[in-house]
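Take a look at the structure set out below.
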Amino acid sequence: MIDLKVVREDPDRVRASQRARGEDESVVDRLVAADETRRAAEVSYGALRNEQKELGKRIGPLQGALKEATVDERSTVQADVDALMGTAADLADRVKAAEATRDGADVETQLLLGQLSNLIDPAAPVGGEADFTVLEHVGTPRDFAAEGFTSRDHVDLGEILGAIDIERGAKVSGSRFYYLTGVGALLELALINHAVALATGNGFIPMIPPALVNPPAMEGTGFLGQAAENVYRLEADDMYLVGTAEVPLAAYHSEEILDAASLPRRYVGWSPSYRREAGSGGRDTRGIWRVHWFDKVEMFSYCNPADAVNEHARLLGFEREFLDSLELPYRVIDVASGDLGASAARKFDIEAWIPSYGDYREVTSTSNCTEFQARRLRVRMRDADGVRPLATLNGTLVAITRIIVALLENHQQADGSVHVPVALRPYLGGRELLTPL
RNA sequence: GGAGGCGUCGCCUAGUCCGGUCGAUGGCGCCCGCCUGCUAAGCGGGUUGGGGUCUCAAAACCCCUCGCGAGUUCAAAUCUCGCCGCCUCCGCCA
């Protein structure tokens, strides 16, 4: 969630952000009103409660006096006690009413605040999905016709190499499932090792987090809002399957106050990612480009908000380094405001060239969530100025299935074999070529 | 799944039986000051987090916070109920 003070003091900024996202602006006005009500209710409740406590302090001693009282005094003291108790009982009713009002206003405020997405970074391009800015192109897509052969897509290559078994995936689990077999399985392990080595070499702490989390963790990361329909929920246990290691990595320090001097804290997590793909209808149904489950290595940073923009650039840098090492052609885009997730203030995607689509398609994504997630998950930092929310950022190092698609299709040879990028060879026993069975 | 124990302001801890004097004791750590040739020791003070009032700001003040939630009561760390977590033992098991 965003800072309520910003809503109160600079509602125009919040409206502008909502507008840029194409989201409801009216929430802002309702929230400002609810906050005002809430603060007034807080004051009334506080005053009444204070009165009640002052009164309560006098009851104990008076009851003591009643015990000490002589027979003559008893009726007078008893009358005092009764009077006081009467007042107190009356006050108790008013306190209870004021408390209910306060709580109601509080709930309303939190509810509205929870509906607001993160404030957009003014540097992000404004517009919808198609309005991204291309920051850079790296590498050149191959021209297979010029090379004298017709390229195969990853489904055909996967079958020839014995790397991907889609039919049996469907038999066992349904559509959008697959088995990685033989060199396909080895390729995943190689990619994971390569990615984790790159990250740990740059100071990230490797993590293998739980892929099943409780509601606060899932809510806190912001995935139960507009993205809720894509999250798997286990009804019997009230648990969620994570769509990314971002969830358990973000919740890792929830409810904690970290020493500002210990920041940035960088983690790299390897986990399965489960996605219902509701609403993606008939898109990308062939092959393993869009699946219900894949493994992924994800970077996650906790940092000082003042450093967040630089940290974002660093994460993007590591993603580029990884793609470079795989010898893949790609472009970097600055995602437009209307296409950002609720938690992100700004997002950069890397899109690799995918020959079978004849287009650049998303293989990694890095988001600067500023203090939005940290506020929801109550992750804070302490420095000389006190305690306040820190910034969280995430970025994909490797989403296995999409990178396998990119590798097979971009590095294929006329005979169906696939060139292995030099950087990956140490993790594949030195193999330079994947060859058809 | 069954039985028992436990959860207090960074860590440890007192308090919970018998509700008000606990708006939470003491120790450790940390911070400030005094003392000291320096260091140590000693002495004095401070040290949870959140919301709000008033302020340019600070200070001051008010409310909430004893795992979480609900209840009883004039009043809850303390009594009642539910939930969560941790530990021990038993059962089952990769």
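For a straight C-alpha distance cut-off of 23 angstrom, no lysines are reachable from residue A:5 once same-chain residues fewer than eight places away are disregarded. Take residue A:129: with every protein chain present and a 1.4 Å probe, its accessible area is about 140 Å².
Would you please state the base-10 log of I(q)/I(0) at q = 0.10 1/Å for chain A, with intensities from the Debye formula using one equal scatterer on every alpha carbon? The calculated log intensity ratios at q = 0.10 Å⁻¹ are -0.78. Take every Cα pair under 8 Å whose residues are at least 6 apart in sequence, average their separation, divide by the length of chain A, and the relative contact order is 19 percent.
Straight-line cross-link reach from residue A:96 at under 25 Å between alpha-carbon atoms covers these lysines, not counting any fewer than eight positions away in the same chain: A:53, A:57. Of the residues A:6, A:34, A:395, the one whose Cα sits farthest towards the positive end of the charge dipole of chain A is A:395 (charges of +1 on Lys and Arg Cβ, -1 on Asp and Glu Cβ, taken about the Cα centre). A 1.4 Å probe run over the protein chains yields, for region A:4-115, 62 Å² of accessible area per residue, whole-number rounding. Per-atom-type breakdown for chain A gives carbon and sulfur 51% of the accessible area (1.4 Å probe, protein chains only). Close amide-amide hydrogen proximity is noted between residue A:293 and A:275, each under 5 Å apart and 5 or more residues distant or on a separate chain (H modeled in the peptide plane; Pro and chain starts excluded).
Taking all protein chains into account, the per residue accessible area for region A:129-434 stands at 41 Å² (1.4 Å probe). Which percent of Cα pairs goes in each bin when the distances of region A:4-115 are cut into 5 angstrom slices starting at zero? Histogramming region A:4-115 at 5 Å steps yields 2, 11, 15, 13, 10, 9, 8, 7, 6, 5, 5, 4, 3, 2, 1, 0 percent. Below 12 angstrom from the Cβ of residue A:296, what's the summed charge of the other residues (Lys, Arg +1; Asp, Glu -1)? Value of the local net charge: -2.
How big is the gap, in Å, between the Cα center of region A:165-209 and the Cα center of region A:281-310? So the two Cα centres are separated by 14 Å.
Charged neighbours of residue A:230, selected by a Cβ distance under 12 Å, balance to +2 (K, R count +1; D, E count -1). Taking Cβ atoms as reference points and 10 Å as the exclusive limit, the residues near residue A:336 contribute a net charge of -2, counting Lys and Arg as +1 and Asp and Glu as -1. Evaluating 6.51 cos²θ - 1.76 cosθ + 1.60 at θ = phi - 60° for every residue in region A:337-348, the Karplus couplings come out as 3, x, 10, 7, x, 4, 8, 8, 8, 7, 9, 10 Hz, glycine and proline recorded as x.
Backbone phi angles across region A:300-313, fed through the Karplus curve with coefficients 6.51, -1.76 and 1.60 (θ = phi - 60°), yield HN-Hα couplings of 9, 10, 9, 8, 5, x, 5, 9, 4, 5, 5, 5, 4, 4 Hz in residue order; Gly and Pro are listed as x. Springs between alpha-carbon pairs under 10 angstrom, Gaussian network model over chain A: which of A:370, A:285, A:392 fluctuates most? Evaluated over chain A, the most mobile residue of the options is A:285.
The values are calculated or read from the model by the stated rules, or taken from the named source; none is laboratory data. Fair warning: this is a prediction, and the values are worked out from it, not measured in the lab. Note that we place each Cβ from the backbone using ideal geometry, even for glycine, and neighbour counts take in every protein chain shown. These accessible areas exclude ligands, DNA and RNA; they are computed on the full protein's heavy atoms, side chains included. Shrake-Rupley method; radii C 1.70, N 1.55, O 1.52, S 1.80 Å.
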